[in-house]
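Below: the structure, in structure tokens.
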Amino acid sequence: MTKLELPYQLFDADNHLYETKDALTRYLPKQYEGAIKYVEVNGRTKIAVLGQISEYIPNPTFDVVARPGAMEDYFKNGNPEGKSKREIFGKPMSAIPAFRDPVERLKVMDELQLERALMFPTLASLVEERMRHHPDLIHAVIHSLNRWMLDDWGQDGNFVHSGRIFTIPVVTLPFVDKAIEELDWVVEHGAKAILVRPAPVPGLRGMRSYALPEFDPFWKRVVEHDVLVTMHSSDSGYSRFDAEWDGANAEMLPFKTNAFQMVNQWRPVADAVASWVCHGALYRFPELKIAVIENGSAWLEPLLQQLKDVYKKAPEGFGFQDPIEALKQSLYVSPFWEEDLDRLSSIIGADHVLFGSDWPHPEGLAEPARYIHEIKDMPQDDQAKIMGGNLARLLKV
């Protein structure tokens, strides 16, 4: 691993832990026992949610995983030979202690030249969609996961470990009073940021946007706590629509090629961001800070152009408040390393761009510090903001 000369410290907005098998169930109340199980299928361990075996994450034990950065060439240069995802991933590796233990992770962060990192769960991304008809269960499982993260990745009852690893608890929103209770609990235990799924919220009467007025008490409390809201790539449920076009009935399978799904893959995050202004939450709570993580940035410019056009034709639909300005005030974006970062900075400003490596996932960078090569022509002040200064400012650390 090549050490780079860095004139600033790196604060990575997108690192991941790999959960243990009891992460979702260690603190799950007895009444929900059996909702999540690990089962053997043809000699391989799979996760079953409410009796349905999921292939969303092929190896949910994470004992063997793809190597960090295995897909770098794929994302930079494409796949002209049409290789399968298995071929692109290459030879897998056994999980190392740093994937599951914060003390070991700190040692690897030193090697990777990362001073600080946001630490996101991995398995959590399948929970809410597969339990959408059981909102009470979602709240219970998410709280169990958060308590597991506090146990295994926190320090002295705090979600921040050694001032360097900022573990991100999840807050699910089906019942607003329960969401506020969870928010208060994670903040009490030192959380600097929370993870909210970029998708409609399930509930007893169906799905609806988190930006509707019924959720205002929750966002008011978020503002009072002054925590960062992160919206990380997840299963947003859009595979239901893809399946209708495909004439199929399958769950989201992120590691299986589906050209139609790939064409539409940024629709969920574009809709999620649009909802903040179309349903008015950012006008009612302009102090909110929202970071979109591991969704790239290709969706942003088309969305802003579309919002501009709609605002011109129907300003009353936004309460006569400019949606572009509202988003530029509150939105922060962590782009993929292979994207046009200069262009993104010109659209929303370098103050709103966050470096994220997605380590140790195969879609990210094997050596996060190499991200600086992608912004080497920017002014050094802007580089320092993107590579850590912006995130440190948002979290007040």
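The values are calculated or read from the model by the stated rules, or taken from the named source; none is laboratory data. This structure is a prediction, so every number in the text was calculated from the model and none was measured. Don't worry about glycine lacking a Cβ; one is built from the backbone with ideal geometry, like all the others, and counts go over all protein chains shown. The protein model used for the area step is the full one, side chains on, heavy atoms only, and it has no ligands, DNA or RNA in it. Shrake-Rupley method; radii C 1.70, N 1.55, O 1.52, S 1.80 Å.
Structural remarks
- Tally of Lys pairs whose C-alpha atoms are under 29 Å apart, taken over the range 284-397, 8 or more apart or cross-chain: 17
- Charge dipole of the chain (Cα centre as origin; +1 on each Lys and Arg Cβ, -1 on each Asp and Glu Cβ, all else neutral): 540 debye, rounded to the nearest 20.
- The range 219-284, accessible area per residue, ligands and nucleic acids excluded (1.4 Å, Å²): 50 Å²
- Straight-distance candidates among the lysines for linking to Lys30, with alpha-carbon spacing under 30 Å and chain neighbours fewer than 8 residues away dropped: Lys21, Lys46, Lys178.
- Modelled label reach - Asp136, point 7 Å along Cα→Cβ, the range 15-54 residues with backbone N closer than 15 Å: 29-33, 35
- Highest-fluctuation residue, Phe89, Phe318, Phe260 considered, GNM on the chain with Cα pairs under 10 Å: Phe260
- Taking all protein chains as they are arranged and a probe of 1.4 Å, the heavy atoms of Val292 leave approximately 0 Å² accessible to solvent.
- 5 Å binning of all Cα-Cα separations within the range 139-188, expressed as whole percents from 0 upward: 5, 24, 31, 22, 12, 6, 1
- FRET E, pair Ala259, Lys83, Förster distance 22 Å, beta-carbon r, rounded to 0.05: 0.90
- Distance (nanometres) between label positions extended 7 Å along Cα→Cβ at Ala248 and Gln9: 4.6 nm
- For the range 132-223, projected area of the alpha-carbon convex hull averaged over all directions, nm²: 5.8 nm²
- Share, in percent, of DSSP beta bridges within the range 142-242 that are antiparallel, nearest 5: 50 percent
- Largest accessible area first, the residues Glu339, Glu182, Glu33 order themselves as Glu33, Glu339, Glu182 under a 1.4 Å probe with ligands, DNA and RNA left out.
- Viscosity 1.002 mPa s, 20 °C: Kirkwood-radius Stokes-Einstein D of the range 1-147 over Cα pairs, µm²/s: 121 µm²/s
- The alpha carbon radius of gyration of the chain, expressed as a multiple of 2.2 N^0.38 Å, is 0.94.
- Two-decimal Rg/Rh across the range 1-43, once Rg and the Kirkwood Rh are taken from alpha-carbon atoms: 1.30
- Gaussian network model of the chain, Cα within-10 Å springs - most flexible of Lys37, Lys313, Lys46: Lys313
- Calculated over the range 64-210, the projected area of the Cα convex hull averaged across directions stands at 11.0 nm².
- Fraction of accessible area attributable to carbon and sulfur, the range 36-116 (%, probe 1.4 Å): 49 percent
- Projecting the Cα positions of Met131, Ile53, Phe89 onto the charge dipole of the range 34-145 (unit charges on Cβ atoms of Lys, Arg, Asp and Glu, taken about the Cα centre) puts Ile53 furthest along the positive direction.
- Note on surface exposure: Tyr27, Tyr332 rank Tyr27, Tyr332 by accessible area, highest first, 1.4 Å probe.
- Under 19 Å from a label point set 7 Å out along the Cα-to-Cβ vector of Glu301, the amide N atoms of the range 335-369 belong to 335-354.
- Förster radius 41 Å - calculated FRET efficiency between Asp342 and Leu212 (Cβ-Cβ, nearest 0.05): 0.70
- Taking max minus min of the alpha-carbon positions on each principal axis, the range 275-373 gives extents of 48, 23, 22 Å, largest first.
- In this rough spin-label picture, where each label sits 7 Å from Cα along the Cβ direction, the Leu106-Asp177 distance is 4.1 nm.
- Under a model in which nothing but the beta-carbon of Lys, Arg (+1) and Asp, Glu (-1) is charged, the range 190-237 shows a dipole of about 80 debye around its Cα centre.
- Helical contribution to [θ] at 222 nm, DSSP H n ≥ 4, -39,500 (n - 2.57), averaged over the chain, rounded to 500: -9500 deg cm²/dmol
- Relative contact order of the range 316-376: 28 percent, from C-alpha pairs under 8 Å at least 6 residues apart in sequence.
- Within the accessible area of the range 144-285 (1.4 Å probe), percent carbon and sulfur: 52 percent
- Antiparallel content of DSSP bridges confined to the chain, in %, to 5: 45 percent
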